[in-house]
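Q: Below you will find the structure I want to go over with you.
The values are calculated or read from the model by the stated rules, or taken from the named source; none is laboratory data. Quick caveat, the model's predicted, so the values are computed rather than measured. Glycine also receives a Cβ, built like all others from the backbone with ideal geometry; neighbour counts cover every protein chain displayed.
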Amino acid sequence: MIRRRAASSKLELRVTAVHLIGEAKSNVSKISVELDLPGDIFYKSPAQKMKYGSAKFSPTFIQIYSLDTKKELREALIQALRTATEDDSEVILRVNDVSHKQIRPIGIATFRLEQALAIGADHNGQLPVLNTEGAEVGSVTCSINCIAALRRCIASASAFSAADEVLAKFEAWRKDHGKAYDTIEAKTAALAAFCENEKIINEHNAKGLSWTLGHNEFSDLTWDQFRESRMSRIFTNRAPKNMDRVHLASDVPLAASVDWVAKGAVTPVKNQQRCGSCWAFSTTGSVEGAYQIATGKLISLSEENLVQCDHNGDQGCSGGLMDNA
């Protein structure tokens, strides 16, 4: 049997409230909740005061998985999760009256862990509390965070080492890039995105192509999040073109390929941050290259100048077109 106190880390099952009804709440001033998971993982909460039939719990009341927990507990939990997906095991929340010296069972709330694993990174809701006769005597309000994110990391037969490796890689990546998350939900989403990107990277690199993928500062974002925060929208209202067209002769011999980086026509990589200004970077990059080809001098132009001052159909960090710029 493994017992642990709630820690400060982020992956958790949270019980936020217990509400009792009818005779079940009579003479009850304090209650506790016990958590039973497959694999003999057990947790008992401290006593919580009842008021008008309800007890509010700390948001970090029960944590069933922790990024910084001991390896033995982590492996035990992963095994429990894997077992649950195979035999549809129940998670049991036991509500007890601890108003007096002797503990009195009030009822239990149950849910299938496989259901929790399948519904997504977050699940919130009320579970009925039933007594030994099957009558409803109250409800438990709980949320399950991060289990789906962890699920993606433990699907293989080598779940123990794989989960440890990915979680360690996530923590190392987070420290390298100075990433901090204000809420449990934010870190949950970041871990889920990181695991998904890890899977994409590994699948691509296993193909042995001429180029490889790797993690960068955006690894805690999904593609949709990255596109929404850093890419421009597609505009249909193009600004009028005040320029002459240049027609190139079709009989001029062209090289099969040109490496403009090697020729010194490309400035170092820049970072647009959380600003949909790729149109400005595309514009300056093109002009920088053209200027170097014409003069032999490579200069870095200001994207911020375009973002702040170009109103020729472009909208700063909200998007634009290099054609307009």
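Every residue, every condition in (1) at pLDDT below 50; (2) of a type in the set (Ser, Thr, Tyr); (3) not in a strand (DSSP E or B), yes or no:
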position	(1), (2), (3)
SER9	yes, yes, yes
ARG14	no, no, no
HIS19	no, no, no
VAL28	no, no, yes
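Condition check ((1) touching a Pro at 6+ places or on another chain (Cβ under 6 Å); (2) surrounded by 15 or more Cβ atoms within 10 Å (Cβ to Cβ); (3) on the phi > 0 side of the Ramachandran plot) across all residues:
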residue: VAL287; (1), (2), (3): no, no, no
residue: ALA290; (1), (2), (3): no, no, no
residue: GLY296; (1), (2), (3): no, no, yes
residue: ILE299; (1), (2), (3): no, no, no
residue: GLU303; (1), (2), (3): no, yes, no
residue: LEU306; (1), (2), (3): no, yes, no
residue: ASP314; (1), (2), (3): no, yes, no
residue: SER318; (1), (2), (3): no, no, no
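Q: Something else now. Report, ordered by the first and then the second residue, all pairs with beta carbons closer than 8 Å, sequence separation of six or more or different chains, a first member in segment 203-226 that is within 24 Å of GLU171 (Cβ to Cβ) and in contact (Cβ under 8 Å) with a residue 24 or more places away in the chain, and a second member that is assigned to a loop (DSSP other than H, G, I, E, B) and of a type in the set (Lys, Arg).
A: Listed pairs, sorted by first residue: ASP220/LYS179.
Q: Within segment 211-222, which residues are over 20 Å from GLY178 (Cβ atoms) and at pLDDT 90 or above?
A: Matches in segment 211-222: TRP211, THR212, LEU213.
Q: If you don't mind, another one. Count, please, the residues in segment 308-325 that happen to be within 30 Å of the chain's Cα centre (by Cα) and in contact (Cβ under 8 Å) with a residue 24 or more places away in the chain.
A: 5
Q: Still on this structure, I have one more. All but one of (1) touching a Lys or Arg at 6+ places or on another chain (Cβ under 8 Å); (2) assigned to a loop (DSSP other than H, G, I, E, B) hold for VAL269; state the number of the condition that does not hold.
A: (1)
Q: Given the criterion among the small types (Gly, Ala, Ser), modelled with pLDDT of 60 or more, within 16 Å of ASN202 (Cβ to Cβ) and surrounded by fewer than 18 Cβ atoms within 10 Å (Cβ to Cβ), identify the matching residue among ALA135, ALA168.
A: ALA168
Q: Would you check which residues across segment 179-220 are of a type in the set (Gly, Ala, Ser) and more than 16 Å from the chain's Cα centre (by Cα) and list them?
A: Across segment 179-220, the qualifying residues are ALA206, GLY208, SER210, GLY214.
Q: Sticking with this structure for a sec: Test VAL307 against the criterion of being closer than 24 Å to PHE226 by Cβ, among the aliphatic types (A, V, I, L, M) and part of a loop (DSSP other than H, G, I, E, B), and give yes or no.
A: No: the conditions fail for VAL307.
Q: Since ILE144 meets every condition but one in (1) at pLDDT 60 or above; (2) surrounded by 13 or more Cβ atoms within 10 Å (Cβ to Cβ); (3) among the β-branched types (Val, Ile, Thr), which condition does it not meet?
A: With (1) at pLDDT 60 or above; (2) surrounded by 13 or more Cβ atoms within 10 Å (Cβ to Cβ); (3) among the β-branched types (Val, Ile, Thr) applied to ILE144, the lone miss is (1).
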